[in-house]
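First comes the structure, then the notes that go with it.
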Amino acid sequence: MKPPVTDTPLLPGFGSVKGRGTAWRIAGRYERRARNAVDDGWGSLDQIAEDDSTRVTRTEVIDEPCRSLLRANDSPDVPFELSINPYRGCEHGCIYCYARPTHSYADLSPGLDFETRILAKTNAADRLREELRRPRYTPRPLNLGSATDAYQPVERSLKLTRQIIEVLHEAQHPFSVVTKSGGIVRDLDLLAEMAQRQQVLVFISVTTLDKDLARILEPRASAPARRLAAIRALSDAGVWVGVNVAPVIPFINEPEIEQIIEAAAGAGAKSLHWTVVRLPWEVNPLFQQWLGEHFPDRAHRVMERIRDLRGGKDYDADFSTRMKGEGIWADLIRQRMLGAAHRHGLVREVPTLDFSHFQPPRAPVPATPPNQGELF
């Protein structure tokens, strides 16, 4: 699939935008119309490329109150039944992010818009209270940040994730959280207390130890050293922390598998988890454009190895293979992962969370209407 380029920026291979994973405002698959930039002979394309490669694109946060927050999951290859995502889109800008195509549902680009136009579920905590208070609600395995990172940069000011955890803490509702942000330590007070009651698991994604690679692979995520520091802080506080070596990209971060596991174990991680890179829908052309720009010397080899992992395809969504791949190279990655985990004492299984203390949270406090005099 090679969706067309929309209105203005930026043709594949034409520079980059500072601090962003892609400069390409690629058309979503539901867009009915698209425009392609054409060289008119007056240097127009060169001017567009020069202007766009030097500009800083600011993040726009769009309020998106939600009708419901909990989303049911029936995928057999993930270990939770409910998920919460406070944000749609992610400022981290990871080029490989499998959630990019979801921006198409909002008529936004899975490319640059995904990183720069963040939809925030501003009433998330109140909705969660309401849903947990329903008479028929039964607590089930719940994951926070399953699609986009709940601790992306806008969380510093909006604090939607903090508000959600406060509700889960009050209700003693167990949950897991996946993040690549060192910002999770902000909520260590709540997480440590829930960990004592066996009600929380944290998984930190460490994709590379190379800060220069991290800067182009996931430009606004925490630096590798900060993620390792977060693993140490969480572990020292008694929180179970697993390391996600995810995603594994052949010839890009794949050579670091053993080093990442060693560093994470040294920081206090207790379990190991991994996935191989997934290229659904618009992620595929975005990723290949990124490869050609940053790794032209090995772009062909990377894609050939990805196809080896996917039965000859760029991507296969089959539940039995989409996370780990298939074939000899998937087996080799598995052997390397398990061998390194064994050497450094990491396990594959995680503790069972304790749902026995769940209690519905308090009802949301209604907003107090202003006095009549305050209206003037």
Has the range 164-172 got any residue that is more than 23 Å from the chain's Cα centre (by Cα), open to solvent by less than 10 Å² (accessible area, probe 1.4 Å) and over 29 Å from residue 29 (Cα atoms)?
yes
Is at least one residue of the range 206-216 of a type in the set (D, E, K, R) and not in a helix (DSSP H, G or I)?
yes
Give the residue, chosen from 343, 362, that is over 26 Å from the mean Cα position of the chain (by Cα) and either modelled with pLDDT under 95 or β-branched (Val, Ile, Thr) (or both).
362
Can you go through 275, 352, 321 and tell me which one is of a type in the set (Ser, Thr, Tyr), farther than 21 Å from residue 101 by Cα and not in a helix (DSSP H, G or I)?
352
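Please count how many residues of the range 162-218 are small (Gly, Ala, Ser) and either at pLDDT below 95 or under 22 Å from residue 82 (Cβ atoms) (or both).
Count: 5.
Taking the stated definitions as given, is residue 309 in contact with a Gly (Cβ under 9 Å, 6 or more places away or on another chain), buried (at least 22 other Cβ atoms within 10 Å of the Cβ) and closer than 24 Å to residue 185 by Cα?
No.
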Can you confirm whether the range 117-124 contains a residue that is surrounded by fewer than 20 Cβ atoms within 10 Å (Cβ to Cβ), within 17 Å of residue 21 (Cα to Cα) and either at pLDDT below 95 or within 18 Å of the chain's Cα centre (by Cα) (or both)?
yes
Are any residues in the range 331-346 surrounded by fewer than 17 Cβ atoms within 10 Å (Cβ to Cβ) and of a type in the set (A, V, I, L, M, F, W, C), and if so, which ones?
332, 338
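The values are calculated or read from the model by the stated rules, or taken from the named source; none is laboratory data. On a predicted model such as this, the values are computed, not experimentally measured, just so you know. Heads up, the Cβs are rebuilt from the backbone with ideal geometry, glycines too, and the neighbour counts pull from every protein chain shown. Just so you know, the surface numbers come from the protein's heavy atoms only, side chains and all, with ligands and any DNA or RNA stripped out. Shrake-Rupley method; radii C 1.70, N 1.55, O 1.52, S 1.80 Å.
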